[in-house]
Amino acid sequence: MVLDTQTALEYYWALDSMSAEVFASRMDAAGQSRRLEAIYSPLGEIAIDDTVGMSRDRIGAIFRGESKEKLIAFGPCSDGNEQDLPVQLDELFDFIEKLQETYPGALFAVRLNGAKPRTGPDWTGSYYSLNPNSRMHLIEHYISAANRGIPALSEITQESQLGLLAPYLSAAWLGARDMQSTTLRTALSAYHLPAGVKNSISGQPKTVEDAVRTIRSNSKDRGNTGVELTIAGHMADVPLPVGQGNKDVAIFARGHELRKGTLAEEGRALALEHLGIMCTLGVELGATVIIDGSHDVPKMFNLATSEGKKDPDRLVPVLREIHRGIEEERVENASQIGGLIGEVGPDVGDTDPNFILDEAHKEQLMKVVDEFLNLEI
């Protein structure tokens with residue numbers, strides 16, 4: 001299905017209609033429009049109808065708190081590795097399809113990250129690999145997921161990533177290091193993909209509130225300022241107007257750093273308290289809260305270390321601790337919780353270790369999903 005430039009930008013890239021109109025005129029004038037078709041043409045009928053279309057609507061309703069459906073996303077910390085070896089995800093995709101069949105009342109998705117936020121000069125992910133085959137392999141995973149009817153979520157660290165990946169995504173999120181980026185916040189106001197905002201490492205709710213409000217804003221809200229976007233390698237040579245901000249924004253609660261010397265029981269209390277703070281903020285903003293079972297949450301529950309390194313098996317006990325805290329009514333406004341996300345994959349990875357998908361772990365994960373979906377919240 002070949003679309004005119006503006007329609008393609010609005011449908012596949014979920015671009016704001018006012019932004020799309022200006023960008024399309026610039027692409028057409030520069031003779032760059034066929035670049036769009038090259039990106040979305042690998043998507044088949046299932047992807048177009050379900051993954052690109054319906055799943056965005058369903059996730060958007062969850063993020064706005066207007067749906068009782070829960071979103072559960074599992075996938076590797078990083079799709080790729082420093083050795084540029086191909087990562088096989090068929091087993092993960094098969095497992096997610098099994099979850100879809102077993103729990104038809106929930107929405108199951110895969111998290112696929114190709115770009116890693118860094119504070120030092122480390123490997124930044126297969127998206128930026130100097131080996132072109134590594135980046136192509138990543139994109140093939142997005143396309144494969146979409147064509148199998150599996151919604152894909154990805155962390156975004158640079159605006160240009162959306163310009164390539166948006167047609168394959170059902171949602172995106174900003175990580176703890178990047179959620180204060182003005183560039184990324186305003187980009188997600190123009191790309192109307194459902195957007196998640198992780199709390200910052202400090203855990204301060206004000207930074208989350210600022211991010212949510214910025215993503216929901218339009219050019220008029222921002223003193224008639226626009227946004228610069230690069231799509232399919234083409235950059236508009238003028239700022240683009242945003243007519244309507246992105247209303248589909250959720251809070252991803254990923255815990256925060258503890259001061260040194262915090263005792264285990266105190267850390268648990270702080271973890272549950274922080275989740276409650278995010279849920280209360282979600283009530284105020286009309287935004288659902290998604291539990292992130294990795295990152296600082298395991299540390300807060302004293303479940304993240306094994307001989308000084310992160311434990312691949314941390315996900316299930318962390319989620320069970322959170323479930324127990326909710327059942328004990330120690331999480332304020334827990335009814336605002338609309339899903340969970342966790343690092344699950346076929347290998348330990350080069351960054352945060354994944355929860356390994358062998359048969360025993362699959363059974364554990366199925367049980368904890370069942371527990372989550374049956375929580376009275």
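At a glance:
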quantity	calculated
Boolean, Thr280 is under 30 Å from Ile326 (Cα atoms), surrounded by fewer than 18 Cβ atoms within 10 Å (Cβ to Cβ) and in contact with an Asp or Glu (Cβ under 6 Å, 6 or more places away or on another chain)	yes
Residue in region 290-302 that is aliphatic (A, V, I, L, M), on the phi < 0 side of the Ramachandran plot, in contact (Cβ under 8 Å) with a residue 60 or more places away in the chain and not in a helix (DSSP H, G or I) present	yes
Some residue of region 50-62 being outside any helix (DSSP H, G or I) and surrounded by 14 or more Cβ atoms within 10 Å (Cβ to Cβ)	no
Residue in region 6-19 that is of a type in the set (D, E, K, R), crowded, with 18+ Cβ neighbours inside 10 Å and over 18 Å from Arg148 (Cβ atoms) present	yes
Of residues in region 195-243 being within 24 Å of Ala38 (Cα to Cα) and of a type outside the set (A, V, I, L, M), the one surrounded by the fewest Cβ atoms within 10 Å (Cβ to Cβ)	Asp237
Hey, Leu165 under 23 Å from Ile139 (Cβ atoms), under 13 Å from the mean Cα position of the chain (by Cα) and crowded, with 24+ Cβ neighbours inside 10 Å or not	no
Criterion (surrounded by fewer than 23 Cβ atoms within 10 Å (Cβ to Cβ) and in contact with a helix residue (DSSP H, G or I) (Cβ under 9 Å, 6 or more places away or on another chain)) met by exactly one of Gly114, Gly149	Gly149
Residue list for region 318-377, restricted to those being part of a helix (DSSP H, G or I), at pLDDT 95 or above and of a type in the set (Asp, Glu)	Glu321, Glu327, Glu363, Asp370, Glu371
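The values are calculated or read from the model by the stated rules, or taken from the named source; none is laboratory data. Note that the structure is predicted; figures quoted are calculated from it, not measured. So basically every Cβ, Gly included, is an ideal-geometry build from the backbone, and we count neighbours across all protein chains shown.
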